[in-house]
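*Asks:* Take a look at the following structure, please.
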Amino acid sequence: MKITDILSLSYLNIKTSKFKAFIYGLILFFFFLLLGLLFSGSKTISSFADRYTNTDFHYKVAMVDIGDAKREDVIKEIESLNIPHISKIFSSNIDIFTTTKISNVENDINGIVELYGNYQGIEYVLDSGRDIEEAGEAVCASSFYPGLLSHVNDKSEMIDMKTKVGKDIFIKYTQYKSFFNGETIDLNTYNVPLKVVGTFDWEKSLTGSNACYVAEETFDEIIKTSRPVYENAEMEEDKLKDLDILVLVDKYENLPIVLDELQKNGYETSLYYKLDLTPVVVIEKVVTYLSISIFIGSVFIVYQFIKNTYRENVNQIKLYKFIGYKKKLITLIFIVQYSLLTFISFITASIILPIIRLIVSNIFYNNPNLSALEIKLSYMGVNLYLIFVTLAIIIIFFRFMSKKNIEKWS
Amino acid sequence: MKLEHIYKEYNLNSNKIIVLKDVNIEFKPNNFYAIMGRSGSGKSTLVNILGLLDEASSGNYYLNEKNISSLSADAKSDIIAKQIGFVFQSFYLNNSLTALENVMLPLYINKGVKKEERKNIATSMLKKLGLSDRLNHKPKELSGGEQQRVAIARALINNPKIIIADEPTGNLDTANEIEIFKTLKDISKENKIVIVVSHNPVVIDYCDYLYEMNDGILKEVRR
């Protein structure tokens, strides 16, 4: 018999029990959707956590206690160890980034910006232009909020930095001298031109809106020239004594390796930002347990539906027997009938999932606290469920179409 | 079509019950056979064996001079599909399908009929049985007599040589009873064997051979 005939007969069976078919399809649709949402939610959270740990470089920084040793000596020692995965050693946390004034010739950019060095291990999601290739170049957040507050997320007032790609901006900072008695005097004011060569998606890169990455050597120079000059060496030592040396690691997953190496060499280490991944682990566990419950529950539901179908369709099965349909064919008609309903539920849920994603993404996009959360779609649960339910249908039907049952109906 | 020394036994609570005792009968085309008898006399068991829906405990069943007593289930299904048509008291129609769709069901397994021909063949059969204006009606929209004619159309659709009817008039009024027996009689004259099991005495007026079943023993009453 042709597959089209099997499909026609299965369709006639569905017509025979329309209401049951609808309820079955609805339940399965609900499960498909639920699994799709669970797996997508889990993927969203995991990918966010993964992005968070790698994009926000603070999570990739180890702190080394220098004790009574000299800062420069410790840095040299660590460098000489050639520990893999270390991309930069900062003498202290005041060197990791700096805040400067920013302006341009058109005078529409005027405010504050955070500057970061473009070291290995710094990750940002470029959304226009290109990456930094040489000194004096910068890649800035795609939005700039003019004013003195750099982290205001009011999108309506933001300037689109993509329009500034290829143009110059100026960063202005002053180096000052600090005295024991608390007085300070300005030593030098710097006005450094930087060429914006690209912009990054600051929401996906998990920074604030007003931020720029500059070439490594440019950043080192800015840090050197912006660092306060102290009255004498004792004062400098006194000011910095409690600050640890910071070690930037290329990837979050390599952080334990670097920590381990440092500890093996006698350094006391700690983490710059401690990350608590417990919520992610809990969510993943909940998804796993719920999914397993749905899978097991579905077997029971499918079994009950098939059992009821048999009870209600004994006459239909007898009829098939009276007109010469073979047992295999009758089984196949019922398997296709239920597989067809399962597939329709699968397709419907698969179409609705991206629509839900779009709606949720829009809601998140317009919420400053959630805009960094990129909704991911995962069809893994849905696909696995389709295979699982289809197999369950086949096994259950073959069980029902046993010789014993057939004889009972006849 | 011939049964030789057919016995059928059941075990009920460790008691052996003999339902059919040494049944011997031969059926020939162009004849209408009626088997009468009280309830529980073994008529339905005989029908099930004749229709290959059940197996005899012993004895031989010959169809086209071949012994088909112990064929596989699939082989029996093949014979049913090609050579046997059933008509039942309760019609066995699918209430969600139209008369046409019900009659088309056996055509799905007839390899000799193309998909596009099914509808025409089923329509012709229903017209032949006087149901041309009932093609798209569902069973519940038809009278008992009409439903039974749809069932007969379905039994005839694959042009079987044998029609087995188990109490075909059990759910019908007198006018329809006569109509159905007349139809079955006409069918038998198309080179077919028609076997009717009934306790309706009207069948006597239409059958060519009359048999009586009594306590599992089949006896020819009239030729």
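What follows is calculated from the coordinates using simple rules that are stated; it is not laboratory data. No experiment lies behind these values; they were computed from the predicted model shown. So basically every Cβ, Gly included, is an ideal-geometry build from the backbone, and we count neighbours across all protein chains shown.
*Asks:* With helices defined as uninterrupted DSSP H runs, which ones in chain A have an alpha carbon span along their own long axis of at least 27 Å and mean Kyte-Doolittle hydropathy of at least 0.5? Could you put the intermediate results ahead of the total?
*Replies:* On the way: long enough: A:18-55 (53 Å, 0.89); A:278-312 (50 Å, 0.91); A:327-365 (56 Å, 1.66); A:380-400 (30 Å, 2.23).
Helices meeting the criterion: A:18-55, A:278-312, A:327-365, A:380-400.
*Asks:* Roughly what angle does helix B:73-83 make with the longest principal axis of chain B, taking Cα atoms, 0 to 90 degrees, to the nearest 10?
*Replies:* Long axis of B:73-83 versus the principal axis of chain B: about 60 degrees.
*Asks:* Considering every residue in B:95-102, what mean count of other chain Cβ atoms within 10 Å of its Cβ is obtained? Spell out each step's value before the answer.
*Replies:* Details: counts 2, 8, 4, 0, 0, 0, 3, 2.
That works out to 2 on average.
*Asks:* What residues have an amide H closer than 5 Å to that of A:ALA211, excluding those fewer than 5 places away on the same chain, when H is modeled at 1.01 Å from N in the peptide plane?
*Replies:* Hits under the 5 Å cutoff: A:GLU114, A:ALA141.
*Asks:* Let me ask something else. Could you tell me how far the Cα centroid of segment A:173-236 sits from the Cα centroid of segment B:96-136, in Å?
*Replies:* First find each Cα centre; the distance between them is then 89 Å.
*Asks:* While we're on this one: Once you have the alpha carbon radius of gyration of segment A:273-372, what is it after dividing by 2.2 N^0.38 Å, with N set to its residue count? Don't skip to the end; give the middle numbers.
*Replies:* On the way: Rg = 22.3 Å, N = 100, 2.2 N^0.38 = 12.7 Å.
That ratio works out to 1.76.
*Asks:* Can you compute the charge dipole magnitude of the protein assembly as shown about its Cα centre, using +1 on each Lys and Arg Cβ and -1 on each Asp and Glu Cβ, nothing else charged? Give it in debye, rounded to the nearest 20.
*Replies:* Values: 72 positive and 75 negative charges, 1319 e Å.
With Lys and Arg at +1 and Asp and Glu at -1, about 6340 debye.
*Asks:* Just tell me which aspartates and glutamates come within less than 18 Å, Cα to Cα, of A:LYS318; anything on the same chain fewer than 8 places away is out.
*Replies:* By straight Cα distance, A:LYS318 reaches A:GLU407, B:ASP54, B:GLU55, B:ASP74, B:ASP78, B:GLU101, B:ASP166, B:GLU167.
*Asks:* Here is a follow-up. What percent antiparallel are the DSSP beta bridges of segment A:57-271, to the nearest 5?
*Replies:* So the antiparallel bridges amount to about 75 percent of the total.
*Asks:* Using a 4.7 Å cut-off between beta carbons, which cysteines in the protein assembly as shown end up with no partner cysteine at all?
*Replies:* B:CYS207
*Asks:* A further question follows. Normalised by the residues of segment A:57-271, what does the relative contact order come to in percent, with Cα pairs under 8 Å and at least six apart?
*Replies:* On the way: 443 pairs, mean separation 75.2, N = 215.
About 35 percent, as a whole number.
*Asks:* I've got another one for you. Using only alpha carbon pairs under 8 Å that are at least six residues apart, calculate the relative contact order of chain B and give it in whole percent.
*Replies:* Averaging sequence separation for qualifying contacts and normalising by length gives 31 percent for chain B.
*Asks:* Here's another thing I want to ask about it. Compute the angle between helix B:144-156 and the longest alpha-carbon principal axis of chain B, please, reported from 0 to 90 degrees and rounded to the nearest 10.
*Replies:* Compared with the principal axis, the helix lies near 80 degrees.
*Asks:* Then there is this: Would any residue of segment B:113-141 have its amide N under 13 Å from a label point 7 Å out along Cα→Cβ of B:GLU190? List them or say none.
*Replies:* B:121-131, by backbone N distance to the label point.
*Asks:* How would you classify the protein assembly as shown from its alpha-carbon gyration tensor, with a ≥ b ≥ c the square roots of the eigenvalues: rounded for a/c under 1.5, else prolate if a/b is greater than b/c, otherwise oblate? Could you put the intermediate results ahead of the total?
*Replies:* Values: a/c = 5.53, a/b = 3.52, b/c = 1.57.
Cα axes put the protein assembly as shown in the prolate bin.
*Asks:* Can you give the net charge of the other residues whose Cβ lies under 12 Å from the Cβ of A:THR184, counting K and R as +1 and D and E as -1? Could you put the intermediate results ahead of the total?
*Replies:* Numbers: positive: A:LYS177; negative: A:GLU183, A:ASP186, A:GLU231.
Here the count lands on -2.
*Asks:* Here's something else I'd like to know. How far apart, in nm, are the 7 Å Cα→Cβ label points at B:VAL202 and A:GLU183?
*Replies:* Going from the B:VAL202 label point to the A:GLU183 one covers 12.9 nm.
*Asks:* Right, another one. Just checking the output field for A:121-132: average partner chain Cβ neighbours within 10 Å of each residue's Cβ? Display every interim value, and only then the final one.
*Replies:* Details: counts 0, 0, 0, 0, 0, 0, 0, 0, 0, 0, 0, 0.
That average works out to 0.
*Asks:* Calculate the dipole size of chain B relative to its Cα centre from +1 charges on Lys and Arg beta carbons and -1 charges on Asp and Glu beta carbons; express the result in debye to the nearest 20. Provide the component values of the computation, followed by the final result.
*Replies:* Details: 30 positive and 27 negative charges, 110 e Å.
With only Lys, Arg, Asp and Glu charged at Cβ, the dipole is about 520 debye.
*Asks:* Around B:ILE217, which amide H atoms from residues at least 5 apart in sequence, or from another chain, sit under 5 Å from its own amide H, with H modelled in the peptide plane?
*Replies:* HN-HN under 5 Å from B:ILE217: B:LYS21.
*Asks:* Between rounded, prolate and oblate, where does segment A:57-271 land on the alpha carbon gyration tensor, with a ≥ b ≥ c its root eigenvalues, rounded for a/c under 1.5, else prolate if a/b exceeds b/c?
*Replies:* Working: a/c = 2.26, a/b = 1.34, b/c = 1.68.
Oblate is the answer for segment A:57-271, as a/c is 1.5 or above yet b/c matches or exceeds a/b.
*Asks:* What percentages, rounded to whole numbers, describe P(r) for segment A:55-151 computed over all alpha carbon pairs with 10 Å bin width beginning at zero?
*Replies:* So the P(r) values, bin by bin, are 11, 36, 32, 16, 5, 0.
*Asks:* Further question on the same structure: Which net charge results for the neighbourhood of A:ASN93, defined as the other residues with beta-carbon distances under 12 angstrom from its beta-carbon, given Lys and Arg at +1 and Asp and Glu at -1?
*Replies:* Numbers: positive: none; negative: A:ASP95, A:ASP242, A:ASP244.
That works out to -3.
*Asks:* For segment A:271-333 and segment B:1-61, what is the centre-to-centre distance using only Cα atoms, to the nearest Å?
*Replies:* About 44 Å separates the Cα centre of segment A:271-333 from the one of segment B:1-61.
*Asks:* A follow-up question, please. State which stretch of chain A is the longest one without any exposed chymotrypsin sites (Phe, Trp or Tyr not before Pro), exposure meaning a DSSP loop state and at most 13 other Cβ atoms within 10 Å.
*Replies:* On the way: sites that count: A:PHE179, A:PHE180, A:TYR273.
With a cap of 13 other Cβ atoms within 10 Å, the longest stretch comes to A:1-178.
*Asks:* In terms of modelled amide H atoms, which long-range or inter-chain residues lie less than 5 Å from the amide H of B:GLU9?
*Replies:* B:VAL19, B:SER57
*Asks:* Now a separate question. Give me the net charge for the shell around A:SER46: Cβ to Cβ below 10 angstrom, other residues only, Lys and Arg +1, Asp and Glu -1.
*Replies:* Working: positive: A:LYS43, A:ARG51, A:LYS376; negative: A:ASP50, A:GLU284.
Local net charge: +1.
*Asks:* I would also like to ask the following. Rounded to whole Å, give me the distance from the Cα center of segment B:150-176 to that of segment A:102-119.
*Replies:* 93
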